[in-house]
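Please treat every number below as a calculation from the coordinates, not as lab data. Because the structure is a prediction, the values reported are computed rather than measured. So basically every Cβ, Gly included, is an ideal-geometry build from the backbone, and we count neighbours across all protein chains shown.
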Amino acid sequence: MIKKRVIASVTRVIAAKPREVFEAWTDPKHPASPWSKRNGVKRAIVSPAVGGLFYINMGPPMPLAPHFGRFLRLDKPKLIEHTWASEGTLGAETLVRITLKAKGPGTLFSLRHTGLPDAESARGHEEGWGWIVGWLADGFVAGGRWSRR
């Protein structure tokens, strides 16, 4: 029997350069990070290196709090690939692939989450990723830029 791959995806244009979006996704201290306390995230520990681990404990509106993973590929500023495990994946290690492409003055942000256990999980993750990517985009609209010179 062939198991069907269940996928969640979110695409959005973000008003920031790909490098800025990459940094915000991988650093919870970045002003536009979706992993900040401003978004109800209780705790975020992120080691943004290939093989580096992360732990994110979300609060409301997310119904499932702890999320874990490790970075598989980091190709700044165009690709982030990491695993994702939570109660919503039934503890399974799933794959999140994010591509960042310049689009005018902004970035086309595309997230594809594969390996989800079923359609219900995919729907829930797609909704959750929609909130998270919205937080990221809103962080830049609110002036979430900084320089790492």
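Structure values in brief
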read-out	value
Solution diffusion estimate, µm²/s, Stokes-Einstein, the stretch 6-141, Kirkwood Rh from C-alpha pairs, 20 °C, viscosity 1.002 mPa s	146 µm²/s
Cβ charges +1 (Lys, Arg) and -1 (Asp, Glu), total dipole of the chain, debye	560 debye
Tensor-based shape of the stretch 1-58 (alpha-carbon gyration tensor, a/c under 1.5 rounded, otherwise prolate or oblate)	prolate
C-alpha long axis of helix 119-141 to longest principal axis of the chain, angle in °	10 degrees
Hypothetical label at A65: residues of the stretch 72-111 whose amide nitrogen lies under 20 Å (7 Å Cα-Cβ projection)	85-92
Gain in span if fully extended, W131 to S110, counting 0.36 nm per residue against the direct Cα distance	6.2 nm
Extension reserve of the A92-V50 stretch, reckoned as 0.36 nm per residue once the Cα distance is removed	13.1 nm
